[in-house]
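Each remark here refers to the structure printed beneath this line.
What follows draws every value from the coordinates through simple rules; no lab data is involved. Predicted model only: the values in this text are computed from it and were never measured.
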Amino acid sequence: MQEPAPRVGRPRQSRVDAAIIQATRELLAEVGYAGLTVDGIAARAGIGKAAIYRRYASKVEVVFVAVVHDVTLEPPADAGSLERDLVELAQDIVAHLSAPAAYSALPGLLADIAADPVAAQRFGVTYVGREQACVAEVLHRAVRRGELTELPDVPMVHALLLGGAFTWLFVLRRPADEHFVRQLAGAVLAALWGEGVTAPLADVSTPTRPRSE
């Protein structure tokens, strides 16, 4: 008697995942971030809203995964040196932020995150945390190679890379070409080798007032 064939559930799930992402990207191009709704995504994907909410907590998460990255983000392959690793990392960040769908959606998406403390906390743990893990891996490699004497402040290095790219693209509205990527990586490298970010920052949430004379 033959053994029954095992049930294969994951391909069906993968098709649903792909349909959600594709529908989100299509609707962003058609109606923009402000006009996008979970109802609309579900209708375009041909699924129920429950299927979306089983995967994502909100519209914010669906859009971020569709246009930037998901929780499976991996660090760049080891390029052999801290300088080359930083160039690869900067290139990945710039590519994610400057993709047309991300470029149009991110301002509204970030405004929604800022307005919702619960979403902001979840977003920080789930997605920003994954980005910082990639940065940490690059820095750990440099420590193992002897290029850095100790692990720097990972959130600060992440902020330098991401903040530099975001400001260049969204505030200054300048094109982020290969020259910019190398400049950004070089600036972060200079800060690291200049020991500007070698330890976590002290708590500066309450500024110290200068004493009056």
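Worth a mention:
- log10 of Debye I(q)/I(0), alpha-carbon scatterers only, for region 104-188 at 0.13, 0.15, 0.23 Å⁻¹: -0.54, -0.70, -1.20
- Debye-sum result for region 31-188 in log10 I(q)/I(0), which assumes one identical scatterer on each alpha carbon, at q = 0.11, 0.16, 0.20 Å⁻¹: -0.49, -0.94, -1.30
- Remark: region 119-132, residue by residue, has Karplus-estimated 3J(HN,Hα) of 5, 5, 5, 5, 4, x, 5, 7, 9, 5, x, 5, 4, 5 Hz, where x stands for each Gly or Pro and the curve is 6.51 cos²θ - 1.76 cosθ + 1.60 at θ = phi - 60°.
- In region 12-55, the ratio of gyration radius to Kirkwood radius, Rg to Rh, stands at 0.95 when only Cα atoms are counted.
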